[in-house]
Amino acid sequence: MALDKKENAGAEARKTIVPAKDLSDHELIEAAKNGDETAFAGIVARYKSQITNYLYRFLNDYEEAVDLTQETFIRVYFAIERYHTDYAFSTYIYRIATNLAISEIRKRKRRKLISMTGLFRFEGEDAQDFQPPDEKPLPDEDLLGDEQSRTIAKAIATLPQKYRAPIILRDVEGKSYDEVAQILKLGLGTTKSRISRARGLLKEKLRHYF
Amino acid sequence: MTNKNLNEDEKIRQMLGGLKKVEAPKDFDFRLKARIAAANPKDFQPRSFPALRIAAPLGLGLVVFAFFVVAGLFSVNDESVPQVALDPTPNAERITDQPSENSLAAVIVNSDRASAENFGRESKPNALPKTNAPISDASRDSAVTAPNKFNPPGLDPNKSIEKPNDFMNLQPLAVKEMLSFLGIEANLSRGGWRVQSVTQNSVAERADVKPNDVIKAIDDTKIASETVQKSSFEGKKLTVLRDGKTIEIALQ
């Protein structure tokens, strides 16, 4: 098991047991590098809901969001030796999650394109070879809350990709402009411009709430 | 930015910020551990030279493009190559046992025949015979009348050949028979044809040919083998080695 390989190396790290919640991200990462699985579990516990929420708002698909959140932590786990503390860990993990979400959206577009080719198939042909387009309704009512929340979620999901990530990071996740710029590898001005443009688009989509 | 816009932006921000936070499922950690255990670490290693994924096909495309460009620059100009076959008639019609006077085959046959007849006369090699017959459209005139001249070094193509008629009539003659015709019985030994005996009342006896003479030449044609190349046998003169001296004996 991949986690077992670090048990020996992590034995020394566990000699001084400190609650994970009291350690900074970088301290947890250093401990995880030394094989402390508890430290890595602390990182997961700290970020799993944040990333899940971020990806859910990005993709508008809860199961897909959970799946990609796990994929994000798997990548962090196997790349933890290469992680360096030049910037915040939250920036690092949000960047991974964003890239995965963008890849997923591209996959959806390809699937949708393939499914459109099914329109030209002859009648009687088996159409089960193709993935149907992802037109899932929004998940549980408990998650969505009221009608307004559902409408807002749909409005976010229909934003162009380059506007969707900045507005979610800024207004849903509460990141600063600088953090958003670092996560998306954009200039500060570009980031502010895109967020402003995203708000403008949302105002048009949600005008009956004003 | 107006106050209205600011208020609307703030309202948007509040609306988005007020969305209910989604939590990870309870079995998140368990599923994550299972996936980590099942994952292959090599799949998550950074690819070496990721730029190669783009550069390699791009470079290959450039090489192919450059090949076609270079091939186009140095291609052979078709107009510089003489067209040999312009006759649209099928080959079966052109290849006949008796070529017509105007055909390319007839020109070549006539050329060879004229060369044989004119051999030995003052003529220039490689010069094709002049003919009034027009060359057919089976070939370009340049393809026939402008051959490349390849002469071995030291050979003067303009030099005439002496006694061409004799050369043309050369034929192998048996030396033993020629000597027997003169009345000489001789054997070919290391030094030449050594006389064994001379027939009485023969030409050789009258010329005083003696046994043990070594016949070196007949009519100035050296004989050192079983046969000699001569156009004709006259039997006018013998060159004989006798007692270490070479003497010439006239035959009558």
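Across region A:19-49, what is the number of residues that are in contact (Cβ under 8 Å) with a residue 60 or more places away in the chain and surrounded by fewer than 19 Cβ atoms within 10 Å (Cβ to Cβ)? Looking only at that region, the number is 2.
Only one of the numbered conditions (1) crowded, with 19+ Cβ neighbours inside 10 Å; (2) within 11 Å of chain B (Cβ to nearest Cβ) is violated by A:Glu63, and that is (1).
The one condition from (1) within 9 Å of another protein chain (Cβ to nearest Cβ); (2) over 10 Å from the mean Cα position of the chain (by Cα); (3) not polar (S, T, N, Q) that A:Arg46 does not meet is (1).
Note on region B:184-194: residues that are buried (at least 16 other Cβ atoms within 10 Å of the Cβ) and of a type in the set (S, T, N, Q) total 0.
For A:Lys15, the conditions (1) modelled with pLDDT under 90; (2) open to solvent by less than 40 Å² (accessible area, probe 1.4 Å); (3) not aliphatic (A, V, I, L, M) all hold with the exception of (2). Of the helices (runs of 4 or more DSSP H) lying entirely inside region B:11-97, those containing at least 3 residues that are within 30 Å of A:Asn53 (Cα to Cα), at pLDDT 75 or above and open to solvent by 60 Å² or more (accessible area, probe 1.4 Å) are B:28-38. Scan region B:1-39 for residues that are at the interface with chain A (Cβ under 7 Å from one of its Cβ atoms), farther than 14 Å from A:Leu202 by Cα and hydrophobic (A, V, I, L, M, F, W, C) and the total you get is 8. Residues in region A:79-88 include none that are closer than 21 Å to B:Val22 by Cβ and open to solvent by 10 Å² or more (accessible area, probe 1.4 Å). Please specify each residue of region B:203-222 satisfying the condition of being outside any strand (DSSP E or B) and out of contact with any strand residue (DSSP E or B) (no Cβ under 6 Å at 6 or more places or on another chain). The answer is B:Val203, B:Arg206, B:Asp208, B:Lys210, B:Asn212, B:Asp220.
For region B:195-218, taking the residues that are charged (D, E, K, R), out of contact with any Ser or Thr (no Cβ under 9 Å at 6 or more places or on another chain) and open to solvent by less than 90 Å² (accessible area, probe 1.4 Å), the one that is nearest to B:Gln252 (Cα to Cα) is identified as B:Asp208.
Out of curiosity, is A:Ala198 within 13 Å of chain B (Cβ to nearest Cβ), within 18 Å of the chain's Cα centre (by Cα) and buried (at least 20 other Cβ atoms within 10 Å of the Cβ)?
Details: within 13 Å of chain B (Cβ to nearest Cβ): yes; within 18 Å of the chain's Cα centre (by Cα): no; buried (at least 20 other Cβ atoms within 10 Å of the Cβ): yes.
The answer is no for A:Ala198.
Only a single item in (1) within 30 Å of A:Asp67 (Cβ to Cβ); (2) surrounded by 10 or more Cβ atoms within 10 Å (Cβ to Cβ); (3) modelled with pLDDT under 90 is not met by B:Leu6, and it is number (1).
The values are calculated or read from the model by the stated rules, or taken from the named source; none is laboratory data. Bear in mind the structure is a predicted one, so any value in this text is a computation, not a measurement. For neighbour counting, all protein chains shown are included, and Cβ atoms are generated from backbone atoms with ideal geometry for every residue, glycine included. In case anyone asks, the SASA skips ligands and DNA or RNA and just uses the protein heavy atoms, side chains included. Shrake-Rupley method; radii C 1.70, N 1.55, O 1.52, S 1.80 Å.
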